[in-house]
1. Rounded to the nearest 5, what % of DSSP beta bridges with both residues in the chain are antiparallel?
2. Give, in nm to one decimal, the length gained when the segment between residue 63 and residue 34 is fully stretched (0.36 nm per residue of separation minus the Cα-Cα distance).
3. Once every DSSP H run of n ≥ 4 in the chain is given -39500 (n - 2.57) and the sum is divided by its residues, what mean residue ellipticity at 222 nm do you get, rounded to the nearest 500 deg cm²/dmol?
4. At 0.890 mPa s and 25 °C, plugging the Kirkwood radius over alpha-carbon pairs of the chain into Stokes-Einstein gives what diffusion coefficient in µm²/s?
5. Rank-order 10-20, 68-78 by packing density, defined as the average count of other C-beta atoms within 10 Å over each peptide's residues, highest first.
6. Give, in nm to one decimal, the length gained when the segment between residue 75 and residue 2 is fully stretched (0.36 nm per residue of separation minus the Cα-Cα distance).
C-alpha cells in the first residue's frame, strides 16, 4: 500500500497490530535505482503500476515498518520530478 503524505509530516503514522503508530523516520526511497534491490516483488509491481518504471522516481519510505509514501506536489517541484 502506498499512502499520501500529510502536510508537515516527518514520521510514519502507520498503526501496528496493537493500534500504536510506528513513528519511524521517513527517508528518500529510489525504487528503480540500479544500486537498490527491493526484496518484495509485490511492492515493486504496485509502484510500477502507479508511477511507471522511472529510474529517477523518488518516494519516501519509513525506516522501521517500510511503508511507502507519495511525495506531495511541493516536494515534487523541489526535486524536479514529474
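1. On the way: 8 of 11 bridges.
Expressed as a percentage, antiparallel bridges in the chain total about 75.
2. On the way: separation 29, 0.36 × 29 = 10.44 nm, distance 2.00 nm.
Net length gain for the segment: 8.4 nm.
3. Values: 2 runs with 17 residues, N = 82.
For the chain, the value works out to -5500 deg cm²/dmol.
4. Numbers: Rh = 13.4 Å.
D, rounded to a whole number, is 184 µm²/s.
5. Working: 10-20: 11.3, 68-78: 13.8.
Top to bottom by mean Cβ count within 10 Å: 68-78, 10-20.
6. Values: separation 73, 0.36 × 73 = 26.28 nm, distance 1.66 nm.
In short, 24.6 nm is gained.
Values quoted throughout were computed directly from the atomic coordinates according to the rules given, and no laboratory measurement underlies them. Because the structure is a prediction, the values reported are computed rather than measured. Cβ sites come from the backbone with ideal geometry, for glycine too, and all protein chains shown count toward neighbours.
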